[in-house]
Structures are given as C-alpha cells and as structure tokens.
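The values are calculated or read from the model by the stated rules, or taken from the named source; none is laboratory data. None of the values given here were measured: they were computed from a predicted structure. Here the Cβ is made from the backbone with ideal geometry for all residues, glycine too, and neighbour counts use every protein chain on show.
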C-alpha cells in the first residue's frame, strides 16, 4: 500500500465484509476500475485513471475486493463469484447513473460479470489483458501432474508469481471449482454496450486470443480490439497508461454522442 494515499472509505456489505474504496465525484457516465488477481486499488493504472477522470470531470470509483488491499477477509477464502458480488455491490450502493467499467486482467472477467448482472447500468466496457474464465482455461493447463495431485490431496497448490515480491500464488481448489459457475466464453454473452479491449501480443499470462474470444462472444457490434505488438501483461508503462487514457477518453466521447 502507498502510505501517501488518503485513508479509504468503507462499504459495509450485508455479509459483514467491509470493502475499501476511494471515490471522486463528477458527471456521468462515471468510471469504476476493477483490479486484477491479488492486486489492489493503489496501482498505477487505477491512479492514472482517477487523475484523468478528475481532469475530465467524470465520477470515478476504485476499490479492493474482499481479501485484497485494505478490504476485510483473507485472499485464500475468495472466489470469482464472491469478488464479482463485491463489484456489483459497489456499483449498486456507491454509484448512480450510467457507468463505464474498466477491468484489468481478472478485472476484465469481473467487468463482464457485472455488466451481465446489471446491463441497464453499464454504458461501456474497457478491458486490459482481460482474463475471463482463467480458472478453467489457463491455470489447469499450467499445472503439472504432480501439482494436480497436490491440488486434489491438499486442496491448494503454489504456483510461481513473477510480480511484486515474488511470493508464490496459492491457488485453492475451491477457487477453481467455483470458477466453473462463472464461465462466460462458452456461449453468446448478451452485452450490447460499446466495448474496447487492449491486449499485449507478448502477454505471457493471458494470451491475446482471449480478447478476440470476448469480441466473438459478446452480442455487441460496437467492439474494438487493440493489439500491442510489444505489450506484456501489465500494460503499466507510461506509454501504456497514455494509451489507456486515450482509449477511455474516446469511449467516453463515443458514449456522449449516443
């Protein structure tokens, strides 16, 4: 956590969880940032978008899922469905009017789940290295036979983490099993809002073809995919953030024309 950040506000959920968030008031459509797996709302993309929305005068919300950042709970207890319910509660209880969801990595899965649950509230979607269905399509394929055996025997397995402090990710069988209930790319996904997807060709964690699958799966005809030849998974360098701001700005302008 960045110690220079102000103290977050807390949303009390009906299940007893507390969701940490920061919110900037402004005009509609508002923007909600959805973080990635084991990430938090103090990252560079969230802060860059917060500053950009402030400049444009748009409302902006960033938050931590349960077990992430400054929210309550333990990461190991989390599931895709529970984290999506956090995001839906943020949308329902903290925002008004149309919203644009910006999702990074796992946040791209979250934004699609939220949009499916609340289509009337969503004005547009912007995904960065979006990773829907990763508990089914990506993680199992990376596990060795020994790791799969350990998963069945112990209920969890440790996999390498190339980011931050490098502490291995603990992947629980419960996360993988529950993820089967949240899969989105197996049948048409009835979303008709404008959708923008950015993906790096050199993404070693989530293949760029995932964004192409999203484009093929959603019913919206207003979908654009930007493939970044030198882009990796995080897309957090200065030029990546500049692209993110440009893309969000163009999406907000597009929504304003409708």
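Numbers at a glance
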item: Output for the range 150-174, where each listed residue is in contact with a strand residue (DSSP E or B) (Cβ under 9 Å, 6 or more places away or on another chain) and either modelled with pLDDT of 90 or more or in a helix (DSSP H, G or I) (or both); result: 150, 151, 155, 156, 157, 171, 172, 173, 174
item: Some residue of the range 227-242 being outside any helix (DSSP H, G or I), more than 20 Å from the chain's Cα centre (by Cα), farther than 27 Å from residue 81 by Cα and modelled with pLDDT of 95 or more; result: yes
item: Identity of the residue in the range 213-225, assigned to a helix (DSSP H, G or I) and in contact with a strand residue (DSSP E or B) (Cβ under 8 Å, 6 or more places away or on another chain), that ends up surrounded by the most Cβ atoms within 10 Å (Cβ to Cβ); result: 214
item: Identity of the residue in the range 74-91, out of contact with any helix residue (DSSP H, G or I) (no Cβ under 8 Å at 6 or more places or on another chain) and over 19 Å from residue 176 (Cβ atoms), that ends up surrounded by the fewest Cβ atoms within 10 Å (Cβ to Cβ); result: 89
item: Total residues in the range 34-68, condition at positive phi and either modelled with pLDDT under 95 or crowded, with 22+ Cβ neighbours inside 10 Å (or both); result: 1
item: Residue list for the range 177-212, restricted to those being surrounded by fewer than 17 Cβ atoms within 10 Å (Cβ to Cβ) and farther than 18 Å from residue 129 by Cβ; result: 177, 178, 180, 181, 183, 186, 187, 188, 190, 192
item: Matching residues, the range 1-51, being touching a helix residue (DSSP H, G or I) at 6+ places or on another chain (Cβ under 9 Å), within 27 Å of residue 169 (Cβ to Cβ), in a loop (DSSP other than H, G, I, E, B) and touching a residue at least 24 places away in the same chain (Cβ under 8 Å); result: 2, 5, 13, 17, 35, 36, 37, 38, 39, 40, 41
item: Boolean, residue 112 is part of a strand (DSSP E or B) and under 13 Å from residue 193 (Cβ atoms); result: no
item: Hits in the range 56-68 - residues which are part of a loop (DSSP other than H, G, I, E, B), touching a strand residue (DSSP E or B) at 6+ places or on another chain (Cβ under 6 Å) and within 15 Å of residue 22 (Cα to Cα); result: 64
item: Filtered residue count, the range 137-165, keeping only those that are in contact with a helix residue (DSSP H, G or I) (Cβ under 6 Å, 6 or more places away or on another chain) and either buried (at least 18 other Cβ atoms within 10 Å of the Cβ) or under 30 Å from residue 197 (Cα atoms) (or both); result: 2
